[in-house]
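First comes the structure, then the notes that go with it.
The values are calculated or read from the model by the stated rules, or taken from the named source; none is laboratory data. Remember, it's a predicted structure, so these values are computed and weren't measured experimentally. Neighbour counts run over all protein chains shown; Cβ positions are idealised from the backbone, glycine included.
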Amino acid sequence: MSSSSSSAPRAPDLPKKRRLWPYVVGLIVVAAGAWYATHRAVPDDEGGAKSAEGRRGGPGGRGDKPTPVTLASVAASDIRVTVPALGSVVPRNQVTVRSRVDGPLLAVKFTEGQPVKAGEVLALIDPEPFKAALEQARGTLARDAALLKNAKIDLDRYRGLLAQDSIATQQVDTQAALVRQYQGTVQADEAAVKSAELQLSYTTIKAPIAGRAGLRTVDPGNIVKASDTAGLVTIAQQSPITAVFAVPEDRLPAIMQRVRDGRGLKVEAWDRDMKIRLAEGSLLAVDSLIDTTTGTVKLKAEFANRDGGLFPNQFVNVRLLLDTLTGVVAVPTAAVQQGAKGSFVYRLGEGGKVAAVPVKLGPVDGMLAAVDSGLAAGDKVVVDGLDKLKDGAQVEAIDPKAADAPGRAQKRSGGGGRPAH
């Protein structure tokens with residue numbers, strides 16, 4: 001009995017151990033795979049093995065291969081000193097044409113959006129009521145002129161009788177006063193005739209200035225009034241045309257010095273993207289006050305605008321030319337980088353290595369910037385491929401126009417590693 005009871009508990013141990021074996025084998029396989037993945041050698045392009053650092057190839061994934069860059073030469077150039085500003089185009093003259101009399105609008109003689117000449121007929125208002133008023137004024141003038149003529153004849157007769165002592169002096173004086181009264185009446189009648197003629201002339205509406213007509217606000221058949229604020233049409237003179245812009249007050253002394261010297265200042269108008277020069281003109285006037293809220297002063301420039309490149313109320317980028325620096329060292333603005341210590345460029349040195357050189361820049365003119373110190377004419381600087389450079393990096397100059405230049409395929413794809421072969 002005892003022997004049978006002692007062997008009974010050990011019977012379930014055998015299947016339990018069999019169930020653990022698959023787990024143990026799985027753990028061994030995973031551990032072996034991990035060891036192989038972390039300790040295996042990776043062949044390079046020529047069949048050799050690399051370390052983890054060697055496989056990454058350092059910054060940019062290039063290893064010790066030179067970085068492809070585009071170079072530009074630093075040379076002496078002429079740099080324009082300009083004052084940038086934002087401006088708005090303003091017509092040289094602008095007029096809202098309104099009717100000066102009330103009446104039905106018979107016809108519109110201008111074409112919307114087309115140029116008109118000064119004195120050109122723009123619209124016609126019914127003239128018949130004004131013709132009738134003119135005839136009435138002329139009739140009144142004719143009547144009063146006849147009365148004046150008769151009064152003068154009587155006055156001459158009375159004076160003759162007074163010389164003969166046939167009438168009293170008082171009667172002559174009364175007749176003379178009547179003549180003066182009729183003279184005043186005739187003068188008033190003549191003014192009334194002129195006023196009626198003027199009112200009649202207002203029924204023909206003419207262009208007061210030459211310019212481009214806008215969109216009409218009233219159609220034929222409507223009653224127009226002199227009190228209408230919208231008027232009939234707006235005429236804007238666009239050739240010449242002006243632009244108003246504001247510059248910082250600290251630039252005002254240099255501007256006023258050139259104005260006092262009688263030297264005309266050139267002004268350029270550019271589009272929003274600073275890619276197209278719309279017009280070139282000259283400074284016309286400087287405002288008499290500085291805006292204390294913005295610390296700027298307004299200037300006005302005039303442009304011939306014969307090609308219509310500028311349009312009223314158009315926003316433009318303005319460049320006021322103050323001076324021109326001749327023969328100064330200039331560097332492409334694409335080469336200038338900004339760091340903790342200021343502006344610097346990567347200058348090519350011996351052995352194909354670049355060095356980060358601090359520079360002090362002067363005025364900027366388009367794609368060039370004047371260099372006050374740090375570079376000399378003839379130096380070569382990096383203008384493309386700057387994102388992967390550091391001080392002392394090995395570089396390889398490439399032609400940016402060559403499609404198969406070393407490193408161009410890599411730059412187009414934006415990836416790391418070695419250039420495509």
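Could you check region 107-138 and list, in sequence order, the residues that are within 12 Å of V233 (Cα to Cα), surrounded by 14 or more Cβ atoms within 10 Å (Cβ to Cβ) and small (G, A, S)? Residue satisfying the conditions is A123 alone. Looking across region 226-253 at every residue that is farther than 30 Å from S99 by Cβ and exposed (fewer than 13 other Cβ atoms within 10 Å of the Cβ), the one that is farthest from the chain's Cα centre (by Cα) is identified as P253. Exactly one residue out of D273, D250, D228 is acidic (D, E), part of a loop (DSSP other than H, G, I, E, B), modelled with pLDDT under 95 and farther than 30 Å from A123 by Cβ, and it is D273. For region 144-154, taking the residues that are surrounded by fewer than 18 Cβ atoms within 10 Å (Cβ to Cβ) and in contact (Cβ under 8 Å) with a residue 12 or more places away in the chain, the one that is farthest from V172 (Cα to Cα) is identified as A145. Scan region 253-271 and report the pairs whose first residue is farther than 16 Å from D287 by Cβ and whose second residue is assigned to a strand (DSSP E or B) and of a type in the set (F, W, Y), with Cβ atoms within less than 8 Å and a gap of 6+ or a chain change. From region 253-271, the pairs are A269/F303. Looking only at residues of region 194-225 that are among the charged types (D, E, K, R) and surrounded by 17 or more Cβ atoms within 10 Å (Cβ to Cβ), we find that the one that is farthest from A137 (Cα to Cα) is R212.
Restricted to region 338-381, and to residues that are β-branched (V, I, T) and crowded, with 18+ Cβ neighbours inside 10 Å, which residue is farthest from the chain's Cα centre (by Cα)? The qualifying residue farthest from the chain's Cα centre (by Cα) is V354.
Can you name the residue in region 133-174 that is of a type in the set (V, I, T) and at pLDDT 90 or above and, of all such residues, is nearest to Q187 (Cα to Cα)? Show your work before the answer.
Taking region 133-174 and keeping what is of a type in the set (V, I, T), we get 140, 153, 167, 169, 172, 174.
Adding the requirement that they be at pLDDT 90 or above leaves 140, 153, 169, 172, 174.
Numbers: T140: 11, I153: 19, T169: 27, V172: 23, T174: 20 Å.
Checked region 133-174; the qualifying residue nearest to Q187 (Cα to Cα) is T140.
Of the residues in region 196-207, at least one is in a loop (DSSP other than H, G, I, E, B), under 21 Å from A107 (Cβ atoms) and not aromatic (F, W, Y). I'd like to know if region 295-308 contains one or more residues that are surrounded by fewer than 15 Cβ atoms within 10 Å (Cβ to Cβ), hydrophobic (A, V, I, L, M, F, W, C) and either under 26 Å from N93 (Cα atoms) or at pLDDT 95 or above (or both). The answer is yes; a qualifying residue exists. Scoring A376 on the criteria (1) touching a residue at least 60 places away in the same chain (Cβ under 8 Å); (2) assigned to a strand (DSSP E or B) leaves a single failure, condition (2). Looking only at region 316-331, decide whether some residue is out of contact with any Ser or Thr (no Cβ under 8 Å at 6 or more places or on another chain) and small (G, A, S). No, region 316-331 contains no residue that is out of contact with any Ser or Thr (no Cβ under 8 Å at 6 or more places or on another chain) and small (G, A, S).
Looking at region 331-373, the strands (runs of 3 or more DSSP E) lying wholly inside it that each contain 1 or more residues that are among the hydrophobic types (A, V, I, L, M, F, W, C) sit at 342-348, 354-358, 360-365, 368-373. Which residues, counting only those in region 294-314, are in a loop (DSSP other than H, G, I, E, B) and acidic (D, E)? Result: D307, single match. Within region 155-171, the set of residues being part of a helix (DSSP H, G or I) and either loosely packed, with under 15 Cβ neighbours inside 10 Å or of a type in the set (S, T, Y) (or both) comprises D156, R157, Y158, R159, G160, L161, A163, T169, Q170, Q171.
For A191, are the conditions met, namely being modelled with pLDDT of 95 or more, of a type in the set (G, A, S) and surrounded by 14 or more Cβ atoms within 10 Å (Cβ to Cβ)? So A191 does not fit the description; no. Within region 126-182, being under 30 Å from S195 (Cα atoms) and among the hydroxyl-bearing types (S, T, Y) holds for T140, Y182.
Mind telling me which of the residues T140, T185, T174 ends up being farther than 30 Å from N313 by Cα, without any contact (Cβ under 8 Å) to a residue 40 or more places away in the chain, hydroxyl-bearing (S, T, Y) and in a helix (DSSP H, G or I)?
T174 is the lone residue from the list that is farther than 30 Å from N313 by Cα, without any contact (Cβ under 8 Å) to a residue 40 or more places away in the chain, hydroxyl-bearing (S, T, Y) and in a helix (DSSP H, G or I).
Within region 208-223, the set of residues being in a loop (DSSP other than H, G, I, E, B), of a type in the set (A, V, I, L, M) and in contact with a Leu (Cβ under 8 Å, 6 or more places away or on another chain) comprises V218 only.
Based on this model, can you work out whether K117 counts as closer than 30 Å to R306 by Cβ and within 58 Å of the chain's Cα centre (by Cα)? It is true that K117 is closer than 30 Å to R306 by Cβ and within 58 Å of the chain's Cα centre (by Cα).
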